[in-house]
Amino acid sequence: MRLWFGVLVLLVLAAAAAFGWHWLASDPGYVMVRVRGTTLETSLIFAVIVLLVAWGLLSIAVRFARWPFSAWGRAYRRRGRERLASGLTALAEGRHAHAERDLAKASNHAALRGPALLALAQSAHERGAEDRANDALDKVGGAAQAAALALRARFLIENGRPAEALALLKSAPAALSPRGQRLLIEAALASGDTRTALDALPALARAQSLAPDEQIALDTRVLAAALAAAPDIASLNALWGSASRAQRRRPELIAAFAHRSAELGQMLAAMDEIESAQRREWNDELALAYADLGPAELPARTRKAEGWLSVAPNSATLATALGRLCAQQSLWGKSEQYLERALAIEETPLAWETLGDCYAGSEDAVTANTCYANALRLARGEATVPVGSHALQGPVDTRALAFEERSEHGVPRLPGVR
């Protein structure tokens, strides 16, 4: 197909040349130029050819005249790129003095000025020279201003000044990049301004700058903080009602809503939210949150949690939650049984700490101190010291209290099947 198309184009050009030559041969035209008594006469065709040749020779002469300057410009730009590359490499290696020297030279190139100054500010910040970092950011202009704003805010957050970072980012909302939006959320959370963090989430989600899992995790963290900071029950319910159905099923948010609801005096609502979630799908962290809702309705919560033993008989977290519920009612012996079973299944600092509270409540200060020390040892990754039935009677029987096991969807299955 291309061959036939090429042949057709050649035929058209040949026909055009033939007709054009025939048209010009009949009347080649006449050109006369007179300058200070000198007259030049020629045909139009020859005059056009002379002009084209002259234009070509002039172009070649100009190109040769500009060649040294073009070569110098290319070498200058190449040196700038090499200095930028060398500075970035030195920055990654931690050689800050070398990095700042090369980046400062690279910033003299207009095309590299923004990236070079941003990297220079990063290098100065990493070695603790905040004044030099701020000076470099002050010099950034043009398209890199949004990046400079975000970088300055990040420096403030890393230096423990989130309130200043928040004020800086809120002063220029239209100039915020996706990184700036993320930093605005982080600064707002660190400053306790959950409303600003919530308002910034939609813009960040529209930018799609985060991976889906990372965006979900950030949404969850912001909404959990907003729930925990709700000033009254009406605001709490409004915030919970505005959450999506998927968000209302996340254990972290359910726990945050339940804790705040209990703190505001709505214990039954808090209990119902966790119990409904546990009926849908078992979650160890919600069982522990159920035990830490406060002093209200302790007997009812204990009975409900004991009923969960048929669902999760080998859950160390559930046994710890039951131990904490019993400890809050001063049922020291029953609490110790649950906690020793939890520790036999899986040792956790919280279980040791709660067991220490039980012994302290039983006025056994020596054993209580040993339990508290075990919690610290476990947190540091050290071996623990046996106490209670661990020391006197040997290991606790950790066989399942019920033989039925369920999948993450609540479907019964045979023991050991995954």
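The values are calculated or read from the model by the stated rules, or taken from the named source; none is laboratory data. Predicted model only: the values in this text are computed from it and were never measured. Positions of Cβ are generated from backbone atoms using ideal geometry, with glycine treated the same way; all protein chains shown enter the neighbour counts. Areas reflect the complete protein model, heavy atoms only, side chains present, ligands, DNA and RNA absent. Shrake-Rupley method; radii C 1.70, N 1.55, O 1.52, S 1.80 Å.
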Please verify whether the stretch 327-339 includes one or more residues that are touching a residue at least 40 places away in the same chain (Cβ under 8 Å) and not charged (D, E, K, R).
no
Checklist (1) at pLDDT 80 or above; (2) exposed (fewer than 10 other Cβ atoms within 10 Å of the Cβ) applied to Arg36, failing item
(1)
Tally of residues being closer than 21 Å to Arg249 by Cα and without any contact (Cβ under 8 Å) to a residue 24 or more places away in the chain across the stretch 180-233
10
Would the stretch 180-196 turn up any residue that is over 26 Å from Leu239 (Cα atoms) and of a type in the set (Ser, Thr, Tyr)?
no
The stretch 146-171: number of residues that are farther than 18 Å from His125 by Cα and either open to solvent by 60 Å² or more (accessible area, probe 1.4 Å) or in contact (Cβ under 8 Å) with a residue 60 or more places away in the chain (or both):
4
Just to be sure, is Ala16 within 30 Å of Glu126 (Cβ to Cβ), open to solvent by less than 90 Å² (accessible area, probe 1.4 Å), part of a helix (DSSP H, G or I) and at pLDDT 75 or above?
no
Check on Leu120, surrounded by 19 or more Cβ atoms within 10 Å (Cβ to Cβ) and either at pLDDT 90 or above or of a type outside the set (Ser, Thr, Tyr) (or both)
yes
Criterion first (of a type in the set (Asp, Glu), out of contact with any Gly (no Cβ under 8 Å at 6 or more places or on another chain) and at pLDDT below 95) does Glu346 satisfy it?
yes
State whether one or more residues within the stretch 282-301 are out of contact with any helix residue (DSSP H, G or I) (no Cβ under 7 Å at 6 or more places or on another chain) and in a helix (DSSP H, G or I).
yes
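Got a sec? Which helices (runs of 4 or more DSSP H) wholly within the stretch 182-252 have at least 3 residues that are open to solvent by less than 40 Å² (accessible area, probe 1.4 Å), over 25 Å from Glu263 (Cβ atoms) and among the aliphatic types (A, V, I, L, M)?
194-207
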Members of the stretch 148-172 that are aliphatic (A, V, I, L, M) and out of contact with any helix residue (DSSP H, G or I) (no Cβ under 8 Å at 6 or more places or on another chain):
Ala167
